[in-house]
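K.L.:
Dumping the structure here so I can ask a few things about it.
The values are calculated or read from the model by the stated rules, or taken from the named source; none is laboratory data. Not measured: the values here are computed from a predicted model. Using ideal geometry, Cβ is built from the backbone for each residue, glycine included, and neighbour counts are taken over all protein chains shown.
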Amino acid sequence: MPLDEPAALAEGSSRLPTLEFALTGSTADYLIHASPDLLSKARAFEHWESTRLAHGLLPFARSLQTPPAAHTTLREQDGRDVRGLNFSSQDYLALSSHPAVVAAAQEAMARFGVHSAGSSVLAGNVGDGVALEQALADFLGLPHVLLFPTGWAAGFGVIKGLVRPDDHVVMDVLAHNCLQTGARAATRHVHLHRHLDVDHARRLLTRIRRNDPHNGIMLITEGCFSMDADSPDLAALQALAQEFQALLVVDVAHDLGAMGPNGQGQIGLQGLHGQIDVVIGAFSKSFASNGGFVAGRSRALKEYLRYFAATATFSNALSPLQIAVIHQSLKIVRSVEGEWRREQLMQAVQALRQALTQEGLTVWGQASPIVPVLLGDERRARLAVREMGQRHLLANLVEFPAVPRHRARLRMQVMSSHTAEDAQQAAATVAAALAASAQLMPQAAQTP
């Protein structure tokens, strides 16, 4: 448990706060802070954050100084530049600097300028955006697609737009923040089923329909879960949705483009192309841009969300540059080159998973662009990630409350430009950093 704000500020005013303080607590401790001063929790959090930064234990909010390639430079919040092997960026097919993608952005800028200057319900639709929606519809096997400014906006918007206060949402307990937040904003009837547990989902649906035959149900899952790198039985969930008159929504942010036949992700891998009720996703992982979408078989769904999904209605539409980048990336995804890039990506994924396992590390999930590596206790995990940075490995730490306590992990994100040698080097570095962190743990209670 971290120090409360008055104690923390008093300590901070007299000397450098202890390493113990930097290793203790989580962001969750600062979410609820009873005080008539709304900013008091922000000041307490900032002190804790600054303490972690002073000890090199805050691997967040870093800024790219070079493109997000297999090797890149990140600037820490304290101004230090760290050059290293990069497993921290979401650019699965390594398209962010692809010459054809860059050229498409430049051409769009010359034609349309740099800004959409309006929402999609008004005059913000750039002409090429309509063509992109049509291309995505063909790619997904679902005839109607609506673009959103971000993937988060798409997930939140489709739930808040369709679900009324008396309706129900049934979702996997590990569903993404945008889905959890959207559900709780839409209705008090939110039911979480155990991760990937179709039988538990069935029991929840049975109970809901028995007690409430009149209101709607949205059933929500993901194609590839971003913290555990695993996937649900989509056919079983779609069958459940049909049986209980529910609407199945599948978020394909992490698998679309990067996995499956022709880049169709888990939906394609499971033979359900064009058969899911509603598919939502983000372009920020495999399509080199911010942005998101909602796709379905009904034009009514698209037009309803255009006006009733607030994250689309009251947000500016994607810029001409973003639309051009996404469209060109989609062309590559669907091409022979795209298939080659997916093959290179999966080879790198398998090499990394194998190398990490050979080092005696615990790797979760299945082969996907996300490779979760268990670090365990949050204190040791923070020290280990600091050691990795000093050894020039850049990888993302995930800790409570994003994952359960004592299940802190690396979320290593692989790109098609990574090599087998990169994988071996990264695995050896993770193992060495974990070993070093074990030696540092007895020092945790000492003041530097």
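K.L.:
Considering each of Asp166, Asp138 in turn, give the residue that is free of Cβ contacts under 8 Å to residues at least 40 places away in the same chain and of a type in the set (Asp, Glu).
P.N.:
Among Asp166, Asp138, only Asp138 is free of Cβ contacts under 8 Å to residues at least 40 places away in the same chain and of a type in the set (Asp, Glu).
Residues are listed down the side, and each one gets a yes or a no for (1) touching a residue at least 40 places away in the same chain (Cβ under 8 Å); (2) under 25 Å from His254 (Cα atoms); (3) among the aromatic types (Phe, Trp, Tyr); (4) buried (at least 17 other Cβ atoms within 10 Å of the Cβ):
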{"site": "Leu179", "(1), (2), (3), (4)": "yes, yes, no, yes"}
{"site": "Ala186", "(1), (2), (3), (4)": "no, yes, no, yes"}
{"site": "His195", "(1), (2), (3), (4)": "no, yes, no, no"}
{"site": "Leu205", "(1), (2), (3), (4)": "yes, no, no, yes"}
{"site": "Asn211", "(1), (2), (3), (4)": "no, no, no, no"}
{"site": "Gly223", "(1), (2), (3), (4)": "yes, yes, no, yes"}
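K.L.:
Quick check on my filter: what residues within the range 112-130 are surrounded by fewer than 22 Cβ atoms within 10 Å (Cβ to Cβ) and either modelled with pLDDT of 95 or more or assigned to a loop (DSSP other than H, G, I, E, B) (or both)?
P.N.:
Gly113, Val114, His115, Ala117, Gly118, Val121, Leu122, Ala123, Gly124, Asn125
K.L.:
Related question: Does at least one position in the range 426-448 carry a residue that is touching a strand residue (DSSP E or B) at 6+ places or on another chain (Cβ under 9 Å), of a type outside the set (S, T, N, Q), within 25 Å of Ala69 (Cα to Cα) and not in a helix (DSSP H, G or I)?
P.N.:
The answer is no, given that none of the residues of the range 426-448 is touching a strand residue (DSSP E or B) at 6+ places or on another chain (Cβ under 9 Å), of a type outside the set (S, T, N, Q), within 25 Å of Ala69 (Cα to Cα) and not in a helix (DSSP H, G or I).
K.L.:
Has the range 53-73 got any residue that is of a type outside the set (Phe, Trp, Tyr), part of a helix (DSSP H, G or I) and surrounded by 15 or more Cβ atoms within 10 Å (Cβ to Cβ)?
P.N.:
yes
K.L.:
I've got another one for you. For the range 253-265, enumerate the residues that are within 12 Å of Ser368 (Cα to Cα), out of contact with any strand residue (DSSP E or B) (no Cβ under 8 Å at 6 or more places or on another chain) and either surrounded by 22 or more Cβ atoms within 10 Å (Cβ to Cβ) or of a type in the set (Val, Ile, Thr) (or both).
P.N.:
Asp255, Gly257, Ala258, Met259, Gly265
K.L.:
I'd like to know if the range 375-385 contains one or more residues that are in contact with a His (Cβ under 8 Å, 6 or more places away or on another chain) and either surrounded by 20 or more Cβ atoms within 10 Å (Cβ to Cβ) or at positive phi (or both).
P.N.:
yes
K.L.:
Kindly list, by first and then second residue, each pair from a residue in the range 248-272 that is in the same structural domain as Leu237 (by TED's automatic domain parsing) to a residue that is in a helix (DSSP H, G or I) and of a type in the set (Ser, Thr, Tyr), limited to pairs with Cβ atoms under 8 Å and residues at least 6 apart or on different chains.
P.N.:
From residues that are in the same structural domain as Leu237 (by TED's automatic domain parsing), the pairs are Gly257/Ser329.
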